[in-house]
Each structure stands twice: as C-alpha cells, then as structure tokens.
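Data first, discussion second: the structure below is written as structure tokens.
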Amino acid sequence: MGDHRNGSSQPPNGKASAAGSPYSIDVNTFQSRLKSFYSHWDEHKTNLWGSSDAIAIACPPPSDDLRYLKSTALNLWLLGFEFPDTIMVFMKKQIHLLCSQKKASILETVRKPSKEAVGADVIMHIKAKDDDGVTQMDAIFRAIRSQSKVDGSDVAAIGYISREAPEGKLLETWADKLKNTGFQLIDVSNGLSSLFAVKNNEELTSIKRASYLATSVMKNFVVPKLENVIDDEKKISHSTLMEETEKVILEPSKVNCKLKADNVDICYPPIFQSGGEFDLRPSAVSNDDLLYYDSASVIICAVGARYKSYCSNIARTFLIDAEPLQSKAYEVLLKAHEAAIGSLKPGNKISAAYLDALSVVQKDAPELVSNLTKSAGTGIGIEFRESGLNLNAKNEQIVKEGMVFNVTLGFQNLQSESSKPKSKNFSMLLADTVIIAKDKTEVVTSLSSKAVKDVAYSFNEDEEEERPAKKAKAEVTEPVMSKTALRSDNHEISKEELRRQHQAELARQKNEETARRLAGGGSEGGDNRAAVKTSADLVAYKNINDLPAPRDMMIQIDQKHEAILLPINGSMVPFHVAFIRTVSSQQDTNRNCYIRIIFNVPGTPFSPHDANSMKFPGSIYLKEASFRSKDSRHISEVVQSIKTLRRQVVARESERAERATLVTQEKLQLANNRFKPIRLPDLWIRPNFGGRGRKIPGTLEAHVNGFRYSTTRQDERVDVMFANIKHAFFQPAENEMITLLHFHLHNHIMVGNRKTKDVQFYVEVMEMVQNVGGGKRSAYDPDELEEEQRERDRKNKINVEFQSFVNRVNDLWGQPQFSGLDLEFDQPLRELGFTGVPFKSSVFIVPTSACLVELIETPFLVVTLGEIEIVNLERVGLGQKNFDMTIVFKDFKRDVLRIDSVPSTALDGIKEWLDTTDIKYYESRLNLNWRQILKTITDDPQSFIEGGGWEFLNLEATDSESDNSEESDKGYEPSDLEPESDSEDEASESESLVESEDEEEEDSEEDSEEEKGKTWEELEREASNADREKGVDSDSEEERKRRKMKAFGKSRPVGSSGAKRKIR
C-alpha cells in the first residue's frame, strides 16, 4: 500500500492543525472516539482486552503493498490519518507517544482534548532522526511500572497486536525490549475488532459513498465493457481489465460519480477471472490470460472501493450460454446469498447468516454443499476484513445496529458437462456490502443487479435455429421462422424476440408470486379508520329545559341548537336538522301553501342504516310531515332557512367525518436557528383552499422533517411531512403552461376542507390569456418576437429556480437521518409518454422511474409501478386506431384502472417500457369484465393457481390458430389438402344435431359427390392458365386478388411476389 493508501498523504477534514503543517486533526471526532475507546476498554476489560493495564500500538513505516493492519486502522479511526513509525501507549491516566519531531508538532493538538475527554495527560517522546529510541522506550516502561504499583499490581499487563510482525528499526527495537521487560503480554486484537464493529453515522456515510462508487464502476463500466468485448469478439486480458477498472475507481467522474478523487482509493486490485482458473479469495489476482467467453463459460468480477479509508465490496458472476447445471447452481447461490443477508438482523447470531445460506443449498441442491465456501463473508470498515466478525457457522456474536458486513458467498470447483477444457471447471461468487439498520438490512450495493436475467447472456445461435424446426415438426401448417427473423446482421436477437422471452420469464415469476400471495391470505387491505360520527350522536337538546319558549303554533328554526320545531298535535316537537333529507314547498289553486318535509329513515332506499336502528330495533320513525299555511312568504323563508342550516351542518359533519379517517401526522419541526429553510416563493396550490375570497399565492419551505406551504392568510397553511411522502415529482414546463412540484402521499391530509393524497405546487410560466381581438399579426412583428422571447426567458428562469430548489431538497434527503425514507424527486420521461383517457378527458400520460403519472389535469393520476400485478392491453387488433390499457393491482379488492383510447401508434413503445420495468403484459381483442374476474380469483384462488394463473390471458394459442386460418391468403398454391374441410365439418355438426339419420345419409352422399368434382380454386387456376396461354394478361391473378379483397372490404398491400403480409 502506498502512502495514499495508508492514509499518511491524505489530510482529513479537521479543525486543529500544527503551524505550517498541511495535516489537521478533527478534534471533536478525536474526543468522541477516544471516549468510546476508553469506555469500551473499561466495560470489556476482562473478556476482550485481557485485563490489560496499558495498550501499546506500534504503527509500521509506510509500504507500497496493499495491506490492512489493526494498528493502521486505529490511527485512521482515532486521528483521521496514519502516523507511520509511531508508537502509542494508552494508560488510564497517561498517553505516551513516541515519534519524530514533525509528527509530534501535529499531535500537539490532542493534548487538551485528551485531558478533557478521558482525563489522560499526553506525554511526547521525541526521537531524533538517527536515534534508535531506546532512551524514550525506557521512559515509557518506567511510567508503566509506576502506574502498575499505584494500581497494586505486581506485574503489568500490556496489550499489543501479536499478529503484526515488527517492521523497521524502531519497531524491531520496541518489540525486543517489550519481550524482555518482564511484562505480561496479551493480544488485544479482539478488543480492537469489537471497538471498530459498530459504526456511527459519519462512518456509515463514508461506507455508503464507497459502495456507491463500487456499484457505479460495476454497473456503468465493468458490465458495458464486458458486453462490448463479447459482442465485438475482442481479445483482452484479465490484467488489462483490472488496470482499466482501477483507473476508473481512482477517477470517479468517469462513471458520473460526484466524489473527490483525493478521497477515494481501491480496496484491492479489481479481480477478473474466467477460463477455468478461479480463486475466490480476496487476495486473488487477475492473471494475464485472455478473457474467455465461449459457450458455457463463467466470468467472475469483483470490485472494491474506499472512501476516506472506509471499504466497500461488490462481486458478480456472469454466465455465457449457461448449461442447466450452471443456471441451477447460480439460482441456488443467489437464493442462499439472499438468505444470508436476510438473517443479518439486530439480535440474531452472526452464525445464522452462514447456517441459513447452508440450509438453502442443502434443500435445493444437496450435491453442491461440498462446493460451498466455508464462510459467508466478514465485517467491513476501515479494515477490509474485520477478523472478529467472520460470517461462519461458529461465530456466536450478536448482530448489532450499525455493523457493516461484506456478505460473500460462492461455489468453487464445480464441473460442467462441456467438452471444452476451459469451460469444464467453473466457480461462482456473489458479494454485497450490507449495513445493519434498526428496522431493515440495507444492501448498499444493490444498484448493480444480480438477477439471473441481468447476468445470464445467450449468444448461442444453434438453439435459436433449432426451435423453429421443432415447431415445424409439431405442426406442419405453422410457418418456420427463419434465422433472419430472430437475429440481425450482427448476430443479435431481435428486440421483439428478447421481449417475448423476457415476458415468458416474467409470466412464470408473476404466477409464482401471485400464488404465494394468495396462499398467504390474499390481498386484504384493512380499514383502520376511526369511527365516523353518525346522526345518532347528534343531539339537539339534552333535556326539556333547553327548549325555547313556545310561541305561536308555527314551524320554528333554532339556529343555535341546529333544530327544527314542528307543531304536532298541539306540541312543539324538536328535530335535529341532520335528520331532514329534503324540504320543499308548493302552492295549490286556492293559494294554500304547503311545506313538505321528508326525514332520513333507516332501512329505506338511499338512506343509510343509522345506529339508532341497532340500539332501538322496535322504534317507530316519522317518515314525512306536511304543513299548510296561507302565508306563502313565511313558508318560503322557512324552507330557505332549513335548507341553509342543513347545508351548513352537512358540510361540517362531512369535514369532521373526513378528518376522523385521517392518520395522525407528526408535528412539523421548524428550522429556526438550525439552518435556513429552503424556500420557493410565489406558488399556487392544488387542490386550493376554497373559500370565497380572492386566491393568493404562497411560499413553500423545507424544514427539519417536512414542508410547509403558507400564504399571508393565517388559516391557509399546509404541512407535508417527509415521512408521509410516497413519491415526489418535479415536472418542468416544456409543452405545458406550468412548472410544478407534486407530492403523492401515503396517508390523506386536509387541504382547506378537502381530503387528499395528492398535493401540488405550481407556477404558470406564461399567461393563459390570448388576445382574440384585432387583426392578424405578422410573424416578423418585432413586438411579437420580443414577447415570445420574454416568455422563453420567464419559463427558463422558473425552471432553473425549481431545479435549484429540488437539488437542495435532494441534498437534504441524502442525509443519514432520511436514508430510511428513500426520497428523491422523480422527473417524468416525456419521450415515453402517450395520450389516453384515464378518467373523463384525454391527457398526456408519462412514466417516471417508479410511477405512471399525469400531473397537469385534475384529477391527477399517480400509479406506483411496484403495486401493479399485470397490465392487459385490450382492443388490440387489425384496423384499430386506439386500444385500452387496463392496470390490475396486486390488491385484488382494488378496482382496476383503465386508460381508454390510447393511440395504436404508441403500442410498441408501451410494450417496450413495460418490459424494461419488469411488468408482465397481455393482449386481448375485447374488453374484459375485470370486476367479475377478480371476484372469481379471490373466491377460489386455488382453482386460479391450478389453472395456470394469469396464463388464461395469453392468447398466443388463439393467435396461432388464427394464423393457420389465414393460410388460404398466401396465394393459389397447388395442394392435395382440403383447407376448408375442418370448418365445414364443424358447421355441419352444429347444424345437424336435430336432423334425422336419413337426412344425414343424403348429406353425406351429396358431399361425396361434390368431393369428386373440382374445387373453385382448381377451376380458377385452369382459367388463369388458359388466359395466360392466349396472351390475356390484363386480368391477371394479382388483379383478381385485388378485386376480391376490395369486394370483401379488406384491401391490403400485396408484395411483388404476390404473397400477403402476415398479420401478427
């Protein structure tokens, strides 16, 4: 390891530095970690630190070799960078440092922090350049003995790292004198491993950034590089690939990774292996052999990156034209690897990771158990392999929050059936960096996929050529697909064929997933809403004393108690206005006015069952009451007052009922003095607050744990918590009139008096008013050009302001405390958009990386791709200008979403997008009754599973039958077959179910006589030949075919050879 790799040339970010020195030590970090060191020493002194009275750490001189030493790790962890040729002795009351004058000037800055943190005095022992340091060593030993006497111990116990051999004159002298002092020497490697095991947030951030770099290199450089080499059949050695990859790691910008090159390094030289020679150890090297990628070959790639001295690791195995044994082995390895990761949860034993992986192999492929690696990885941090955290079957330590593991699992020395010597022997390896969080296990290298579909490559042409041949044998009438239909000129499988293969694999996976979900209890969606307040809870008067004083026997309205008092049998009877369903008035010919009041009665149509019907089952309800009056004016006033009061009460109770179903949100923590809130002014909100006043814009601010939108009015304020945001979108104005930020929420919130899951903030980039008056203006009018330029400038300015706000919020969400929310603004991909009608009007729908959205017109459309079960494309067929797109959700109790009238020109693009997002789609020629289909599935899931799951939607068989029915369209070809006999026989069978035997015999005789004659095709062919002999070409076969098609209304283009295009 060079100086940079050892950390000595990398100045960390610190606050205290020696005068004239470029190096600085972060005093705050040093204090907190020194406290952790001493408290860990005190707490685990007996079992991990061997009851040591002092701990001596000797850091060797710099080396050009890549190595990981615990002495170096302690330097980096405690001080931020390495001090080579330095001896540190930690005692309870003193810290002794033996080093050169230059290092001592840097370390002077830790004197005061050490005293404040642990009460230890820092004593410097400065060694001259040519001095062997013996005098300084004796002084340290005397201090240890005197401290031992004070503690009442006869022989001092000195902890040291026994596995690190002394290097250089200073450390060799130190080791010799230490052995001859008579001290009790104890290895404290386990104590240091335990000290480094649990990382804080700063350390975890460094590991995440290192993992992001390693993943980016694997995904954006290694995989494309291998694909290009194999596609172009280039020759390149493993060592060359290693060198090129190492350069990319050291220059993160090459893979669009925004990390400073000074902070990054390699963990080990990247490993590339193929051609039968495999070594699964991290110490393996990439040899000079050429990359081998013939059929049945295996390629292993491993990349390790460091950020600020913290390590990460990722390894992937790629299969080329894999044999069944290789495919099975990889699937088992992948399943075992996921099992190992899944068992790493706080509180579990570390051994569970390897044992769970082993059980998967024993169950699915017992013959491969002997080939499984003996460990599932190690802990990882400043050290690439933290020795105390080996993931083997014997480690009984407990997994803790904050630990980080390099989960590495593989099969070694497997034998394939290939006759090629370089493909005979193969191994497989998978590795990921895993962080143990409180609620989940976070795989920080998951962006580089290890799914079978992403690592298995098929370049073997023989299989593709054999498949059509087999189909041709099975069914003579099916046309054989030629090689050119499957492959392009550069021998690549066509997009349509790749999509078909991928969809077949998705169908299998989807049916298995649906079967597991239905077997596990189905798609139940609990409704945990609070109880809604019913009319039974509405009381006008609690007792008779609250009734107003009686007046004339007329209808009275008590606004205060929200009651109507009706004169019935000489008494004023009160009714709460919520019990009134309708009230109306009319006048007869005698000028008598009537008022009719209809009440809500439980059990009647359009009236819900009230709680009173449960409490008092024998009660009698008043359904209707009518009153007559000569005063039409009074009647009108009463009717109007009742309607107004009822409208107010219903609106209030509706809002109360809506709020009762809301999930309680956390309280917004304002930024105040912590940081300046991120602001975006002059925004409009949808849905709006309502009310009768003039609408005014407001400001959106990002605070500690959420957003706040507010206007100058006190009651117009909305808080959106970060934890409640399911998806966040930023859509700049391109062909639209607005630039917007949109939040799709997990739980509803109230905006004004409206309950919503979608909140949008937007700005109009140009005026939505067009002058329709006046004459036509010239395209070269200077005023017109200037106005257009102003609109463009305004739109660009607004888009830039929004983009700046989005970038700053993304940076805020990138902080460790928000890592569990997985939030980031998503931007719609306009190039993949299409028009459709999801609700009532035609809109432009666009996909994003995780959703399908329409954010301009209301109601908004936001569909999470992860919630989609399948997509069925309906009314897809010949001559259709539009088709419908039906989205079926994983929750079968949820209604399907149908997007109508999607242009047929968008069909291929939608198929390609669905396929790339791993969504299974089907096609049908008619719209299906999905409500009945989903009810059938949920009522009898077992029959659905046994019947092949969603494959009842697969119309390939029907398509093949229809293809066969079009055989007659290929032209007039001589044949001994009777192409229409099948359909005629079927028709005759269906028609003759009630016919007598005599009629059947007569029909059969007539049929036999017709079969002896010539068919229409034969007669037409003879006439054509006769015309051709006579030289009559005007009425050619091609012309007759055109006329025939025109007569049937199916005119289709005919090629020069006379064969029609086949409709697929």
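The values are calculated or read from the model by the stated rules, or taken from the named source; none is laboratory data. Small disclaimer: the values here were computed from a predicted structure and weren't measured. Note that each Cβ is placed from the backbone with ideal geometry, even for glycine, and that neighbours are counted across all protein chains shown. For the accessible areas, the whole protein counts, side chains as well, though only heavy atoms, and no ligand, DNA or RNA atoms are used. Shrake-Rupley method; radii C 1.70, N 1.55, O 1.52, S 1.80 Å.
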(request) Please go through the range 161-178 and pick out each residue that is surrounded by 12 or more Cβ atoms within 10 Å (Cβ to Cβ) and either outside any helix (DSSP H, G or I) or among the basic types (Lys, Arg) (or both). (result) Ile161, Glu164, Pro166, Glu167, Lys169, Lys177
(request) Spot the failing condition for Asn425; the list is (1) open to solvent by less than 10 Å² (accessible area, probe 1.4 Å); (2) at pLDDT 90 or above, and only one is missed. (result) (1)
(message) Tell me the residue from Lys623, Lys615 that is basic (Lys, Arg), under 23 Å from Glu653 (Cα atoms) and at pLDDT below 85, please.
(response) Lys615
(request) Scan Met572, Met554, Met481 and give me the residue that is among the aliphatic types (A, V, I, L, M), modelled with pLDDT under 55, over 30 Å from Asp891 (Cα atoms) and surrounded by 13 or more Cβ atoms within 10 Å (Cβ to Cβ). (result) Met481
(message) Exactly one condition in (1) open to solvent by less than 30 Å² (accessible area, probe 1.4 Å); (2) over 25 Å from the mean Cα position of the chain (by Cα) is false for Leu213; which is it?
(response) (2)
(request) Inspect all residues belonging to the range 432-440 and state whether any of them is at pLDDT 95 or above, assigned to a strand (DSSP E or B), open to solvent by 10 Å² or more (accessible area, probe 1.4 Å) and closer than 23 Å to Ala214 by Cβ. (result) no
(request) Among the numbered conditions (1) within 18 Å of Asp53 (Cβ to Cβ); (2) outside any loop (DSSP other than H, G, I, E, B); (3) small (Gly, Ala, Ser), tell me where Gly152 comes up short. (result) (2)
(request) Report, by residue number, each residue of the range 398-419 that is open to solvent by 80 Å² or more (accessible area, probe 1.4 Å) and part of a loop (DSSP other than H, G, I, E, B). (result) Lys400, Glu401, Glu417, Ser419
(message) Every residue in the range 23-65 that is among the β-branched types (Val, Ile, Thr) and open to solvent by 40 Å² or more (accessible area, probe 1.4 Å), please.
(response) Thr46
(message) For the condition outside any loop (DSSP other than H, G, I, E, B) and within 16 Å of Leu74 (Cβ to Cβ), what is the one hit in Ile158, Ile140, Ile123, Ile106?
(response) Ile158
(message) Looking at (1) part of a loop (DSSP other than H, G, I, E, B); (2) of a type in the set (Ser, Thr, Tyr); (3) open to solvent by 50 Å² or more (accessible area, probe 1.4 Å), which one does Thr181 not meet, given that it meets all the others?
(response) (3)
(request) Would you point out which residue out of Ile140, Ile106, Ile123, Ile158 is among the β-branched types (Val, Ile, Thr), surrounded by fewer than 19 Cβ atoms within 10 Å (Cβ to Cβ) and either in contact (Cβ under 8 Å) with a residue 24 or more places away in the chain or in contact with a Phe, Trp or Tyr (Cβ under 7 Å, 6 or more places away or on another chain) (or both)? (result) Ile123
(message) Of the residues Arg596, Arg652, only one is of a type outside the set (A, V, I, L, M, F, W, C) and modelled with pLDDT of 85 or more; which?
(response) Arg596
(request) Kindly list the number of the only condition in (1) over 17 Å from Val188 (Cβ atoms); (2) aliphatic (A, V, I, L, M); (3) modelled with pLDDT of 90 or more that fails for Leu78. (result) (1)
(message) Given the criteria open to solvent by 50 Å² or more (accessible area, probe 1.4 Å), within 24 Å of Asn799 (Cβ to Cβ) and not charged (D, E, K, R), does Asn735 qualify?
(response) yes
(message) Considering only residues that are surrounded by 19 or more Cβ atoms within 10 Å (Cβ to Cβ) and farther than 18 Å from Leu98 by Cα, which ones fall in the range 143-155?
(response) Ser148
(message) Looking at the range 365-397 only, could you name the residues that are in a loop (DSSP other than H, G, I, E, B), crowded, with 23+ Cβ neighbours inside 10 Å and within 30 Å of the chain's Cα centre (by Cα)?
(response) Ala376, Ile380, Gly381, Ile382, Leu391
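Taking Ser629, is it open to solvent by 40 Å² or more (accessible area, probe 1.4 Å), modelled with pLDDT of 85 or more and more than 21 Å from Leu538 (Cα to Cα)?
Numbers: open to solvent by 40 Å² or more (accessible area, probe 1.4 Å): no; modelled with pLDDT of 85 or more: yes; more than 21 Å from Leu538 (Cα to Cα): yes.
Here the answer is no, as Ser629 does not meet what is asked.
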(request) Could you please give the count of residues in the range 581-596 that are within 15 Å of Ser641 (Cβ to Cβ) and out of contact with any helix residue (DSSP H, G or I) (no Cβ under 8 Å at 6 or more places or on another chain)? (result) 1
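Just to check your reading of the model, which residue among Ala58, Ala73, Ala104, Ala54 is within 29 Å of Gly304 (Cβ to Cβ) and over 45 Å from the mean Cα position of the chain (by Cα)? Spell out the reasoning first.
Numbers: Ala73 fails: over 45 Å from the mean Cα position of the chain (by Cα); Ala104 fails: within 29 Å of Gly304 (Cβ to Cβ); Ala54 fails: within 29 Å of Gly304 (Cβ to Cβ).
Step by step, each of Ala58, Ala73, Ala104, Ala54 is checked, and only Ala58 is within 29 Å of Gly304 (Cβ to Cβ) and over 45 Å from the mean Cα position of the chain (by Cα).
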(request) Please tell me if Ser216 is modelled with pLDDT of 90 or more, in contact with a helix residue (DSSP H, G or I) (Cβ under 6 Å, 6 or more places away or on another chain), assigned to a helix (DSSP H, G or I) and not hydrophobic (A, V, I, L, M, F, W, C). (result) yes
(message) Take the conditions surrounded by 11 or more Cβ atoms within 10 Å (Cβ to Cβ), of a type in the set (Gly, Ala, Ser) and at pLDDT 75 or above and apply them to Ser585. Does it pass?
(response) yes
(request) Please determine, by comparing only the residues of the range 818-843 that are free of Cβ contacts under 8 Å to residues at least 24 places away in the same chain and open to solvent by 30 Å² or more (accessible area, probe 1.4 Å), which one is nearest to Ile678 (Cα to Cα). (result) Asp822
(message) Being of a type in the set (Ser, Thr, Tyr) and either modelled with pLDDT of 95 or more or surrounded by 20 or more Cβ atoms within 10 Å (Cβ to Cβ) (or both) is the filter here; which residues of the range 346-358 pass it?
(response) Tyr354
